[in-house]
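**Student:** One structure follows; several queries about it will come next.
What follows draws every value from the coordinates through simple rules; no lab data is involved. Predicted model, so just to flag it, every value in this text is computed and none were measured. As a convention, Cβ positions derive from the backbone with ideal geometry for all residues, glycine included, and neighbour counts pool all protein chains shown.
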């Protein structure tokens, strides 16, 4: 038994329709981005327990994370 008296939400249908259309290009001779990904040499990965704790299996990707504020208080 459906007690809801609301109209169906069709926003998902409208969004899906927009996605199926081709996206506009930035213009002739222009590109959106160029990716540069350095090669990562193979190295012995961490064991499973350390990898889970560190968030990566590769020691060379185990980098420090520093949390800093973006503004001043006051």
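**Student:** If packing is taken as the average number of other Cβ atoms within 10 Å across a peptide's residues, how do 44-54, 29-39 rank, most packed first?
**Tutor:** 44-54, 29-39
**Student:** Enumerate the residues in region 34-50 having an amide nitrogen under 16 Å from the point lying 7 Å beyond the Cα of residue 57 toward its Cβ.
**Tutor:** Hits in region 34-50 for residue 57 at 16 Å: 40-50.
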